[in-house]
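Computed from the coordinates by the stated procedures, all read-outs in this text should not be read as laboratory data. It should be emphasised that the depicted structure is a prediction, and the values quoted were computed from it without experimental measurement. Cβ placement follows ideal geometry from the backbone for every residue including glycine, while neighbour counts extend to all protein chains displayed.
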Amino acid sequence: MTLHPTPALLDSLYWITLVAVIVSSASAVLKAGFKQFDLFGVIIIAIATGLGGGSLRDMLLDREVFWIRDQMFFIASLGSAVAIFLLARLVVIPPKFFLIPDAAGLATFGVAGTLVSLMFDAPWLIASFMGVMTGTMGGIFRDVLCNTPPVVFQSPLYATVSWAGSLLFIGMLYLQLDVTLAATIAGLAIFVARLLALRFDINLPVFRFKEHRQ
Amino acid sequence: MTLHPTPALLDSLYWITLVAVIVSSASAVLKAGFKQFDLFGVIIIAIATGLGGGSLRDMLLDREVFWIRDQMFFIASLGSAVAIFLLARLVVIPPKFFLIPDAAGLATFGVAGTLVSLMFDAPWLIASFMGVMTGTMGGIFRDVLCNTPPVVFQSPLYATVSWAGSLLFIGMLYLQLDVTLAATIAGLAIFVARLLALRFDINLPVFRFKEHRQ
Amino acid sequence: MTLHPTPALLDSLYWITLVAVIVSSASAVLKAGFKQFDLFGVIIIAIATGLGGGSLRDMLLDREVFWIRDQMFFIASLGSAVAIFLLARLVVIPPKFFLIPDAAGLATFGVAGTLVSLMFDAPWLIASFMGVMTGTMGGIFRDVLCNTPPVVFQSPLYATVSWAGSLLFIGMLYLQLDVTLAATIAGLAIFVARLLALRFDINLPVFRFKEHRQ
């Protein structure tokens, strides 16, 4: 299934991506802010988080990287970082709060990654994985740069929810649902499922090998 | 020396790459399986390991990334991961066993990386390094995501054997050997040399600076 | 503002990049040399450091990666690594000495990254960030591969100085200064400012959130 890039679809993609950049950058500031970085260090981590996953997606698809020509995305990332910085001077923000914009980034970049891959003729299985990759990679960059273990491999249902959401999105498109509507439903489903998994600590069984001595 | 992409050469490349993806993904599951990841976490690490080195090669050469349009490679990576997962439920696999598919991945992706670079007009020295890079990068992604020091910098003769094998491969092509034969010889040479280095713990002298106080 | 790639500009870019590759590779050997890597491990880290930041820049801009066709850059990286290796056998080099070629790499790759981005029609804000990214990314690769926290997030004024230098460079180009002159001034400014920040331990205030309990 190939999506044709109609103006309405490109418009939806633009706004989804803008939201994704803003929330991902915010998640980065909320995490990096508890480390000993200076202001520019935090801003660079915010930009790498906000623009990194989508950049990798675009390089893999050999598509123009989304933030190079249109500087709105870069400005949104920078603005989000500075706004959270100022906010955190006024209000006490608990350390775990970064998980909320992180879940929003997983949802929005997941949908955006799937959408763009379908527009570039990727088969549906590949497109669903590109959604997972786009959704999770920014957070992986953030956590590696913050020198903490990536949340994607530790936290309940992270990759699972992202993959299921991408597949749901593709299923709805296959059933001829309107793209914007399908994107909204899939995005909300990822976001809500991830927060529920966090709230009630729902986990897949941990994958562990039989040990030698037991 | 430029290689012309004949159908026979592209066919060889296809099969070498498929084997490389399968063994690299298997090495990832065998390593990640001893960590506390859930099933989808392990699968994502397997895919990053199986497809990562070749993706970086293709992006550096500005070539279409090999697994985007033809989903066979992605399916092979996924299938390999699931198969090893099921196997490890039945049989006890010692932790160090991942070094065997890892050596096979080093060999096959090393040959594939060199081959593709020569097809894209890279000079021989660059092509030999692209072989090393393609062969080692999947394992670096695997180890960074598993949060362990990359095997490439710690384990006997890893990069050495890979580089020597790439140069051997290019030498045989220069002497007009058949590409498939040369690829097989070079691949086996890397694989066997790496296992021998592991078995007999053969090391290059560690490169260490003179310390201040001595 | 778009820069037109005149022969003189391309010539300047060539030499700036060559210096950047040499000093960055040297910084990597000087850092990795105090770890337990074998010779080829150190060489691979040197090449990743010397070529990595510029490779990412070129992939993001969808430009031919600078070291694939012209092997001079690869040879320079390799030669620099071997030369430092030999030197370190003869002379005792203090561990912190790597910060000097590291600062030179930050300056030269910063200027080269900004320059190339402007040639590729990137808006000035994006170009300034691409300068920071190109200048810092090699060192990030080096430090991640050496398994130490990236110097960019820890060391005085690192990103700050780089960003300010890129903006200074763009400002001088806007005022119609000769490109080679502007590049030299901006590069020296970054290098000197970084060394002064190190020498006198000048820091931005560390960005830290209010903690819960205070």
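Observations on the model:
- Counting 0.36 nm for each residue step from C:R89 to C:T2 and taking away their Cα separation leaves a gain of 26.6 nm.
- Cβ-based net charge around C:T49, under 11 Å, with every Lys or Arg adding one and every Asp or Glu removing one: 0
- Per-selection metrics, segment B:7-200 (Cα): Rg and Dmax in Å: 15.7, 50
- Sorted shortest first, the separations between the B:D70 label point and its copies elsewhere in the assembly read 3.4, 3.4 nm; each point sits 7 Å from Cα along the Cα-to-Cβ line.
- Relative contact order (%) - chain A, alpha-carbon pairs under 8 angstrom, separation at least six: 24
- Rounded if a/c under 1.5, otherwise prolate or oblate - the protein assembly as shown, Cα gyration tensor axes: rounded
- Calculated mean residue ellipticity, 222 nm, the protein assembly as shown: -24000 deg cm²/dmol, from DSSP H runs (n ≥ 4) at -39500 (n - 2.57) each, averaged per residue and rounded to 500.
- Cβ-derived FRET efficiency at R0 45 Å, C:V192 paired with B:I202, nearest 0.05: 0.45
- Label point 7 Å beyond Cα along the C-beta direction, distances from C:F200 to other copies (nm, shortest first): 6.0, 6.0
- Note, ³J(HN,Hα) from phi for segment B:68-80, Karplus 6.51, -1.76, 1.60, rounded to Hz, x at Gly and Pro: 6, 8, 9, 7, 4, 5, 5, 5, 4, 5, 4, x, 4
- Copy A relates to copy B by a rotation, and the A residue whose beta-carbon is nearest that axis, with the distance in whole angstrom, is A:M59, 3.
- For segment B:63-172, the square roots a ≥ b ≥ c of the C-alpha gyration tensor eigenvalues yield an a/c of 1.5 or more together with a/b not exceeding b/c, which makes the shape oblate.
- Evaluating 6.51 cos²θ - 1.76 cosθ + 1.60 at θ = phi - 60° for every residue in segment B:43-59, the Karplus couplings come out as 5, 5, 5, 4, 5, 4, 6, x, 10, x, x, x, 5, 5, 3, 5, 5 Hz, glycine and proline recorded as x.
- Database remark: amide H of B:F37 closer than 5 angstrom to the amide H of A:F207 (H placed geometrically; neighbours at sequence offset of 5 or more, or on other chains; Pro and chain starts carry no H).
- Integer Hz, Karplus 6.51/-1.76/1.60 couplings in order for segment C:187-199, x for Gly and Pro: x, 5, 4, 4, 4, 5, 4, 5, 5, 5, 4, 5, 4
- Sorting the segments B:152-159, B:107-114 by their residues' average number of neighbouring beta-carbon atoms within 10 angstrom, most packed first, yields B:107-114, B:152-159.
- Shielding score for C:47-59, defined as the mean number of other chain Cβ atoms within 10 Å: 2
- Within a Gaussian network of chain C (alpha carbon springs, distance under 10 Å), most fluctuating of C:I16, C:I140, C:I75: C:I75
- Virtual spin-label span in nm between B:F97 and B:Q36, 7 Å along Cα→Cβ: 2.4
- Between C:D70 and A:M72, the modelled label-to-label distance comes to 3.7 nm, taking each label 7 Å out from Cα in the direction of the beta carbon.
- Taking every residue in A:12-18 and counting other chain Cβ atoms within 10 Å of its Cβ, the average works out to 0.
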